[in-house]
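Below you'll find the structure I mean.
The values are calculated or read from the model by the stated rules, or taken from the named source; none is laboratory data. Computed from a prediction, not measured in an experiment: that's the story for all the values here. Cβ placement follows ideal geometry from the backbone for every residue including glycine, while neighbour counts extend to all protein chains displayed.
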Amino acid sequence: MKRGARKAPAAAESAGPQAQFPHRPRLPMSKPGTLTLTLVRSGATEWDDAGRLQGSTDLPMSESGREALAACLEHSLNGQAKALTLVLHACDEASVQTAQAIVDRGGARRREAPGLCDMDIGLWAGLREAELFERHPTLFRTWREDPGSITPPDGENLIDAEERILGALSRSLSKVSRGPVAVVLRPFARAVVRCRLQDRPLAELWKAADEAQPIETFEVPRSRLEPVRTGLRAGA
């Protein structure tokens, strides 16, 4: 297992296939002073299929996840993957597999950035949200209302994860002279980045996660990424 991903415990039960992906993004060339970023949710794992919280646990795509990803790329990136100059991704197996599937369609370079791995949710990994609520109702409600105020047992605080993820993204993009660039992310990390790109506070993490489409394209002013490189938190 590569650095930055939490090793998975015993295999969990699987469920039905991942939902389909109806939206087709456009991948324009980046304008001066901006960078075109396409956020891609990594293909579903067996824990995703079963509705289990995964965090940084390292799992491969499930069979249904591979099928759904192929359909998603066919619908949303068909003919546009060739415009990509780079595919960034974390080191977990599902993200690597997803990034390689994109590269195979367009020939872009693939670059691993371990700092993009998802938030480590510690002992909550493998639980369904309903199970977490049943065991810790007050803690779960607080986590949903103010996610940065709670640290999962043996896990990572969201604010620390935000600094790590945005710092890794900013460092990786500082080396990119032109886009478009695809960034493959697991759900928590994708919501963190989405909040940053939309200039939203971290308190809206869950809303950002719920609103997100599996593939979304943003035209990002490069100046918006610079505060992250100086160590400032998003929204600070």
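Taking the condition of being in contact (Cβ under 8 Å) with a residue 60 or more places away in the chain, farther than 19 Å from ALA44 by Cα and of a type in the set (A, V, I, L, M, F, W, C), how many residues in the stretch 82-129 meet it?
Residues that pass the stated criteria total 4.
On to the next question. When you look at THR138, is it more than 17 Å from the chain's Cα centre (by Cα) and over 22 Å from LEU35 (Cβ atoms), yes or no? Quick ask: steps written out before the conclusion?
Numbers: more than 17 Å from the chain's Cα centre (by Cα): yes; over 22 Å from LEU35 (Cβ atoms): yes.
Answer is yes for this residue.
Kindly indicate which of GLU93, GLU162, GLU129 is surrounded by fewer than 17 Cβ atoms within 10 Å (Cβ to Cβ) and either of a type outside the set (Phe, Trp, Tyr) or modelled with pLDDT of 95 or more (or both).
Every option except GLU129 fails the conditions.
So is ASP48 surrounded by 21 or more Cβ atoms within 10 Å (Cβ to Cβ) and part of a loop (DSSP other than H, G, I, E, B) or not? If you could, list the steps in order and put the result at the bottom.
Details: surrounded by 21 or more Cβ atoms within 10 Å (Cβ to Cβ): yes; part of a loop (DSSP other than H, G, I, E, B): no.
So ASP48 fails the test.
Within the stretch 63-79, track down each residue that is touching a Gly at 6+ places or on another chain (Cβ under 8 Å) and free of Cβ contacts under 8 Å to residues at least 60 places away in the same chain.
Quick first cut of the stretch 63-79, residues touching a Gly at 6+ places or on another chain (Cβ under 8 Å) only: 64-66, 68-69, 77.
Correct list: SER64, GLY65, ARG66, ALA68, LEU69.
Which ones in the stretch 170-186 are modelled with pLDDT of 95 or more and either among the basic types (Lys, Arg) or in a helix (DSSP H, G or I) (or both)?
Once the filter is applied, which keeps residues that are modelled with pLDDT of 95 or more and either among the basic types (Lys, Arg) or in a helix (DSSP H, G or I) (or both), the stretch 170-186 yields only ARG186.
Still on this structure: Just name the residue that is surrounded by the fewest Cβ atoms within 10 Å (Cβ to Cβ) out of those in the stretch 96-126 that are assigned to a helix (DSSP H, G or I) and among the charged types (D, E, K, R). Even if it seems obvious, please write down each step before you answer.
Step one: filter the stretch 96-126 for residues assigned to a helix (DSSP H, G or I), giving 96-106, 114-116, 122-124.
Within this subset, residues satisfying the condition of being among the charged types (D, E, K, R) are 104-105.
Working: ASP104: 12, ARG105: 18.
By that ranking, first place goes to ASP104.
Need pairs with beta-carbon distance below 9 Å; first residue in a helix (DSSP H, G or I) and within the stretch 189-205, second among the aromatic types (Phe, Trp, Tyr); sequence gap 6+ or separate chains.
ALA191/TRP206; ARG194/PHE218; LEU197/PHE218; LEU205/PHE188
With respect to ALA209, is the statement that it is closer than 29 Å to SER76 by Cβ and modelled with pLDDT of 95 or more true? Don't jump to the end; show me each part of the working.
Values: closer than 29 Å to SER76 by Cβ: yes; modelled with pLDDT of 95 or more: no.
It is false that ALA209 is closer than 29 Å to SER76 by Cβ and modelled with pLDDT of 95 or more.
Kindly evaluate GLY65 against the criterion of being at pLDDT 95 or above and crowded, with 17+ Cβ neighbours inside 10 Å. Let's see the steps before the verdict.
Working: at pLDDT 95 or above: yes; crowded, with 17+ Cβ neighbours inside 10 Å: yes.
Judged against the criteria, GLY65 is a match.
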